[in-house]
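Please treat every number below as a calculation from the coordinates, not as lab data. What you see is a predicted model; the values in this text were computed from it and never measured. No Cβ is skipped: glycine too gets one built from the backbone with ideal geometry, and neighbour counts run over all protein chains shown.
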Amino acid sequence: MIIAKNIVKTVSTRAGELHILQGIDLHIKAGESVAIVGSSGSGKSTLLALLAGLDNPSQGEIYLGDQPLHAMSEDQRALLRADHVGFVFQSFQLLQGLTAMENIALPLELTRADKAEHLARQYLEKVGLNERGHHYPNQLSGGEQQRVAIARAFASQPSVLFADEPTGNLDGETGQRIADLLFDLNRDEDCTLVLVTHDDELAARCDRRLRMNSGRLCEEG
Amino acid sequence: MKLALKMLGRDWRGGELQLLFACLILAVATVSGITHFSSTLQASLLQQSKDFLAGSMVLSSPRPVQSAWIEEARERGIAVSENVGMASMAFANERMQLSSLKAVSDGYPLRGKLRIADTPFSAESHVVQHGPAPGEAWLASSMASLLDIQPGAVLEIGKTTLRFSQVLVDEPDRGFAMFSVGPRVMIHLDDLAAADLVHVGSRVSYRYQFDAADALIADFKAWLEPQLEDSHRIRTLDDAQPRLAEALQRAERFLLLAGSLAVMLSGLAIAMSAQRYCQRHYDHVAILKTLGMTEGRVLGLFATSLLLLALLASLVGGLAGWGLKGLFEQVFAEYLVDVAEVSLWRPWLFGLATALVSLLAFAWPPLRALQKTSAMAVLRDLVPTDPLSQGLRLVIAGFGSVALLMIYTQSWFLSLGLLGGLAALTLVVGLLARGVLAVPRRFGGLASPLGLAWANFQRHRRHTQLQLMVYSSALMLVGLLWAVRSDLLDDWRASLPADTPNHFMVNVAEYEVDSLRQQLNDAGVATETIYPMVRGRLTHINGESVRTQVTKEEQRSIDRELNLTWNDALPPKNVLEQGTWWRDDANDGVSIEARLAERLGLKMGDTLRFQIGADILETYIQSIRSLDWQQMRPNFYFIFPPGVLNTYPATFITSVYLGPEQKPLLTGLMREFPTVTIIEMDVIIAQINSTVDRVSQAIEIVFGLVLLATAAVLVASILASQRERRRDNALLRTMGATSPLLWRACGWEFVVLGLAANMIACLGAELSLAAIQSQLLGIAPSIHWHLWWVLPAISIPVLVFIGIASSRASLFEPPVVLLRDS
Ligand SMILES: Nc1ncnc2c1ncn2[C@@H]1O[C@H](COP(=O)(O)OP(=O)(O)O)[C@@H](O)[C@H]1O
Ligand SMILES: [Mg+2]
């Protein structure tokens, strides 16, 4: 499903070249759940962004399905994302001016406007917030906001879901329940999951764990 | 201080200060430039009024005045010149011609310039500030042509022989002698005695011009006034406002008004960009506070850097204002006489005050919020609560605006009126904007740019509302300014159409009327009505002497020979206000001009007694008529029905339009009709036309300033929401929105915003225009159709362009930012 060959990411800063990723090879099968762990600043988010086509590698090849991301333009990748990719962020990233329902419907409206409302309602129910559909993000708790974000990610029925520290901004118990929801839905939807976290317990629930260490990746147990 | 400088430098590089700085400069430049120019113009107008009198004060008398008065004036340090006017025959070339002779002393004119030329009817002339030398005579073109002589020839006046040395084109104080007996001959005062023209009983007028500083003149006037006799008359600047000055003053007021709009709009832009500047520094302050900085020092730090900014802006803005003033001066160059340079400091101080007041009123409130930022914001995303209530902020902004307007207009009436008007406008437009946004929430799917744009509006309702309000107000003001300008110009131009009569022919004898009309027609010159003129004096109103009836001021205006006429039809451009025009059964009264009737307190039916020569004529007011004094045609206070005045000796008057190519006709006409006096108004008309053009250019400059300020407001309002927009767009992109979609959505957003704003603006402008037209200009309200398409046609593309250009950064936002720790 996802293949990365020798990816290098280098950015130039005022202090000189910064080698964030230093040759990463990766193969993720369809339906698999993979956790990427590692200390802060080791390059996890950078890798995730590259795999999802949010950014271009400095070197190397990345395939999502059979599409060569490294050879595509930003807009081609955007269209690919609209159809195949879902996202969950550490800081939720809901649009403040839209209600929960509208936030969930947002990606659908970019592609399948006709079914947007129906699907959005369906996923709102799946994350257990059917009472809160017309509430705005600032009227929801952190956990509830992340539920909306998860519903939004799954509603477009992606083939790959990327989550960047989805529980990072939540307390232990809430984080636990969000993780449950994430894995349940992932199983139901039969979707590939790539998860970045430094919570070992969360990582343990994935099929595979990869450790990022100063720009290099190695398989764990 | 050092820290503040450092911060300023960093913020500048970070691109957060440029807009604030630009707005400050704009405000400072507008204020200092326009006030500077306006004081120059004022000084210049004052000077020109003095030119119009050829001095600061004029004393006229039918006899020479006591030499003690003149000596007193000289002792007080006042410059005095003297001139004597009378009708006299001039002989040359075996012809003779009645002239209006003016003998001037050395020093004449104390103010203003004489314009002379080398040949009669020449297009080239130059100015001098002295009269003819003894032994010389300067002749009006028509005089030279009547006598058929060229410069260099000799002519006789009375018992003296003089050399015709120059053609006299214009004199500063000629306004008093419009309907003189003949063309002008100007000689030196010394030659008058030699000519031996003044005898007992000859009608001579003596004029003494005085010139000195205003205070000296006022003192002298106070000293002189009690000693004056009835026949003495004093004129000062107040009586001598030439028409041109009035037009220029109106223009100046209009500039001032339009400039205040630019100032207010820059104020708004300053407020918005200051708000944004502070918002972006919340984190910064929170960290400084966790590091142990006190509130006072935070305030000090930011206040110092803003103060530095104000100083810098007032320097650069002052410079720009100076350039602006230069620009205006160039446009008005021919009206600006050399005035002692107005102080450079004053406008600059005005500019500095503008910058300070703007920052204090508009930037200080958000700064307070910044100061109160909690250190906790480092840990959590806290929006600082504003220590000042919304209401208080409005009050501060209101005071600031009034202060700004006061600095600029120096008139309470204007400042409060403008602010009140603007406040009412904002309120109304705000309500309208709310109405526009209350339409359906959704507008097609998000996959279409328009749908996405609409969703964006709904997402930022409050901000959209604010934007709509600001754009429509700004557009409305721009439209209003433009429409009023064209209304005004049209009005001015309409009063002087291209074929407006530009020559008066006076003193036409009765037996000459028919042949004159014939000659003019043969030459292809359209003739207006030729009016008879009988000289008469109004002596009694309702049986009582005018002297007891009206105040001294008004006596002056009627206690002289009036030109009475008769005509069977109502003259063109005259409007009957009351009563009826001559009918077979009603033609025994007189028709009076409305303004005079009002001044003298006359109403329909009042009886009037005129003295014409030795005869008495009793009549009553049968109608009251208003007329446009701006019209360059014979205008009369009193019109009689045909048949009443026929028995009195009359001369005739008419006005014609002569194009430049027809001017040579004059020479022939003058020979044919030697007693006819021709008054050339074409120079004055050309001057008025050029004034109108100048004024319109000046308005365009100010208009440019207003547009700049509007653009600044536009950019500031877009930048204000940019942070949020960046995040939104990044998110939309991760979810698969392509950049063309976002670009187009952004474009649509501004198109829709522009359309709505234009609609509100045009509507508002029409309503205000209707009020202005009917209340201020006294024109019938009309719909300005061009506004409805010109305004959108220009503003929407500009809006979309500026909108997209300033949103560029948020459109290019790479989606990766969402993964960065917030
Ligand atoms: N565009 C960039 N410019 C400069 N430095 C960057 C950029 N993107 C990432 N970095 C740096 O690369 C390192 C890895 O970042 P990131 O992938 O966000 O780590 P993680 O998510 O594992 O905490 C960090 O030190 C970060 O500061
Ligand atoms: Mg990260």
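Of B:P660, B:V484, B:L8, which is farthest towards the positive pole of chain B's charge dipole, taken about the Cα centre with +1 and -1 on the beta-carbons of Lys, Arg and Asp, Glu respectively?
Going by the Cα projections, it comes out as B:L8.
For the charge dipole of segment B:639-729, defined by +1 on Lys and Arg C-beta atoms and -1 on Asp and Glu C-beta atoms about the Cα centroid, which residue among B:P649, B:V706, B:A686 has the Cα displaced farthest towards the positive pole?
It is B:V706, whose Cα lies furthest towards the positive end.
Round to the nearest 0.05 the FRET efficiency obtained for B:V395 and B:I783 when R0 = 45 Å and r is the Cβ-Cβ distance.
0.70
Taking amide H positions as placed 1.01 Å from N in the peptide plane, with prolines and chain starts having none, which residues 5 or more places from A:I36, or on another chain, fall under 5 Å of its amide H?
A:L195, A:V196, A:T197, A:L210
Rounded to the nearest 20 debye, what is the charge dipole size of chain B about its Cα centre when +1 sits on each Lys and Arg Cβ and -1 on each Asp and Glu Cβ?
Using Cβ point charges on Lys, Arg, Asp and Glu, chain B gives about 5320 debye.
So what is the calculated 222 nm ellipticity per residue for chain B, using -39500 (n - 2.57) for each DSSP H run with n of 4 or more, over all residues, to the nearest 500 deg cm²/dmol?
-17500 deg cm²/dmol
Modelling each spin label as a point 7 Å along the Cα-to-Cβ direction, I'd like the B:D118/B:R233 distance in nm, to one decimal.
Spacing of the two 7 Å Cα→Cβ label points: 3.9 nm.
Between B:E72 and B:L416, take the C-beta separation as r, use R0 = 60 Å, and let me know the FRET efficiency to the nearest 0.05.
Computed FRET efficiency for B:E72 and B:L416: 0.80.
Give me the one-decimal Kirkwood hydrodynamic radius in Å for chain B, with the sum taken over alpha-carbon pairs.
Hydrodynamic radius (Kirkwood, Cα only) of chain B equals 31.8 Å.
Please list, ordered by chain and number, the residues whose modelled amide H lies under 5 Å from the amide H of B:W566; skip anything fewer than 5 residues away on the same chain.
Those lying under 5 Å, H to H, from B:W566 are B:F640.
Round to a whole angstrom and tell me the spacing of the C-alpha centers of segment B:655-674 and segment A:1-49.
So the separation of the two Cα centres works out to 96 Å.
Select from chain B the helices, each a whole stretch of DSSP H, whose alpha-carbon atoms run 20 Å or more along the helix axis and whose Kyte-Doolittle mean is at least 0.0; answer none if there are none.
In chain B, the long hydrophobic H runs are B:18-53, B:243-279, B:295-331, B:390-409, B:412-437, B:461-495, B:682-720, B:739-772, B:785-811.
Output wanted: per-residue J couplings in Hz (rounded whole) for segment A:167-183, from phi through Karplus 6.51 cos²θ - 1.76 cosθ + 1.60, θ = phi - 60°, x for Gly and Pro.
Each residue of segment A:167-183 in turn: 10, x, 9, 10, 6, x, 5, 4, x, 4, 5, 5, 4, 4, 4, 4, 5 Hz.
Post the alpha-carbon centroid distance, segment B:701-760 to segment B:79-106, in whole angstrom.
Segment B:701-760 and segment B:79-106 have Cα centres spaced 73 Å from each other.
Just want to confirm a number: the relative contact order over segment B:57-235, from Cα pairs under 8 angstrom separated by 6+ residues, in percent.
Working: 381 pairs, mean separation 62.5, N = 179.
Across segment B:57-235, relative contact order equals 35 percent.
Extending each Cα 7 Å along its Cβ direction at B:R10 and A:D66, get the distance between those two points in nm, one decimal.
Each label point is offset 7 Å from its Cα along the Cβ direction, giving 5.4 nm.
Based only on other Cβ atoms within 10 Å, what is the fewest-to-most ordering of A:I7, B:I270?
Ascending number of Cβ neighbours within 10 Å: A:I7, B:I270.
For segment B:527-656, what does the alpha-carbon gyration tensor say about shape, rounded, prolate or oblate, given a ≥ b ≥ c as the root eigenvalues, a/c under 1.5 as rounded, and a/b over b/c as prolate?
rounded
What are the aspartates and glutamates whose alpha-carbon lies under 12 Å from the alpha-carbon of B:K102, with same-chain residues fewer than 8 places away excluded?
B:E82, B:E171, B:D173, B:D190, B:D191
At a 10 Å Cβ-Cβ cut-off, how would you order B:I804, B:I616, fewest neighbours first? Show your work: numbers first, answer last.
Details: B:I804 16, B:I616 11.
Fewest-to-most Cβ neighbours within 10 Å comes out as B:I616, B:I804.
Putting +1 on Lys and Arg Cβ atoms and -1 on Asp and Glu Cβ atoms, find which of A:N186, A:N103, A:S12 reaches farthest to the positive end of the dipole of segment A:2-219.
Value: A:S12.
For the residues B:E700, B:E512, what sequence is obtained by ranking on other C-beta atoms within 10 Å, fewest first?
Details: B:E700 12, B:E512 20.
Result, fewest neighbours first: B:E700, B:E512.
If amide hydrogens are placed 1.01 Å from N in the peptide plane, which non-local residues have theirs closer than 5 Å to the one on A:Q59?
Answer set, sorted by chain and number: A:V8.
For segment A:115-170, with only Lys/Arg (+1) and Asp/Glu (-1) charged at the beta-carbon, what is the dipole magnitude about the Cα centre, in debye rounded to 20?
Rounded to the nearest 20 debye, it is 180 debye.
Cβ under 14 Å from B:M469's Cβ, B:M469 left aside: what net charge do those residues give with Lys, Arg +1 and Asp, Glu -1?
Charge balance in the 14 Å sphere: +3.
Applying 1/(1 + (r/R0)^6) with R0 = 35 Å to the Cβ-Cβ distance of B:A43 and B:R595, what FRET efficiency is obtained, to the nearest 0.05?
0.65
Using only Cα atoms, tell me the angle between helix A:142-155 and the longest principal axis of chain A; keep it within 0 to 90° and round to the nearest 10.
The angle comes out at about 80 degrees.
Would you mind pulling out the separation of the Cα centroids of segment B:562-588 and segment B:516-537, in Å?
Here the answer is 19 Å between Cα centres.
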